[in-house]
Amino acid sequence: MKKNYSFDDPGLQTIGYKQLKNYFERNKPLELSVERWIQAEVQYAKRQMVFLKKMKPVIFMPADDKLLVEKVYTLVYSSL
């Protein structure tokens, strides 16, 4: 790898790099590595949701809501 980084470096132990390691080392095809990367991302997102649901009070809001900013603003300033 450029600049003498190693897959053992802490910054490269994250989702994505772990799955692409085999591709860069010529052990697995890119498609398989990307598929495993996506699986790892989905699993991580599920763990995050489980963690967040245990925290009270957490309010989930859809990211595609056109009024999201206004709703968050109102919620934050009404709790001050």
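Computed from Cα atoms, the angle from the helix 68-78 axis to the main principal axis of the chain rounds to 60 degrees.
Considering only the other residues whose Cβ falls under 15 Å of the Cβ of ASN27, what net charge follows from Lys and Arg at +1 and Asp and Glu at -1? Once positives and negatives cancel, what remains is +2. Per residue, region 26-67 exposes 95 Å² of accessible surface when a 1.4 Å probe is rolled over the protein heavy atoms with every protein chain present. What shape does region 38-80 take by its C-alpha gyration tensor, where a ≥ b ≥ c are the square roots of the eigenvalues and a/c under 1.5 counts as rounded, a/b above b/c as prolate, and the rest as oblate? Oblate, since a/c reaches 1.5 and b/c is not below a/b. Axis angle, to the nearest 10 degrees, between helix 30-54 and the longest C-alpha principal axis of the chain: 30 degrees. With 27 Å as the limit, the listed pairs LYS18/LYS56; LYS21/LYS54; LYS18/LYS46; LYS46/LYS71 have LYS18/LYS56; LYS21/LYS54 beyond it between alpha carbons.
Taking 19 Å as the straight-line reach from the Cα of LYS3, the aspartates and glutamates in range (excluding those fewer than 8 positions away in the same chain) are GLU25. Solvent-free Debye calculation, one equal scatterer per alpha-carbon of the chain: log10 I(q)/I(0) at 0.13, 0.16 Å⁻¹ equals -0.66, -0.78. Summing charges over all other residues whose Cβ lies under 15 Å from the Cβ of THR74, with Lys and Arg as +1 and Asp and Glu as -1, gives 0.
Think of each Lys and Arg Cβ as +1 and each Asp and Glu Cβ as -1; about the Cα centre, that makes the dipole of the chain roughly 240 debye. The 1.4 Å probe gives accessible areas that order ASP64, ASP9, largest first, as ASP64, ASP9. When the chymotrypsin sites (Phe, Trp or Tyr not before Pro) in region 39-80 are filtered for DSSP coil states and for at most 12 other beta-carbon atoms within 10 Å of their beta-carbon, the remaining sites are PHE60.
The values are calculated or read from the model by the stated rules, or taken from the named source; none is laboratory data. If you're wondering where the values come from, they're calculated on a predicted model, not measured in any experiment. Cβ sites come from the backbone with ideal geometry, for glycine too, and all protein chains shown count toward neighbours. Side chains included, ligands, DNA and RNA excluded: accessible areas come from the protein's heavy atoms. Shrake-Rupley method; radii C 1.70, N 1.55, O 1.52, S 1.80 Å.
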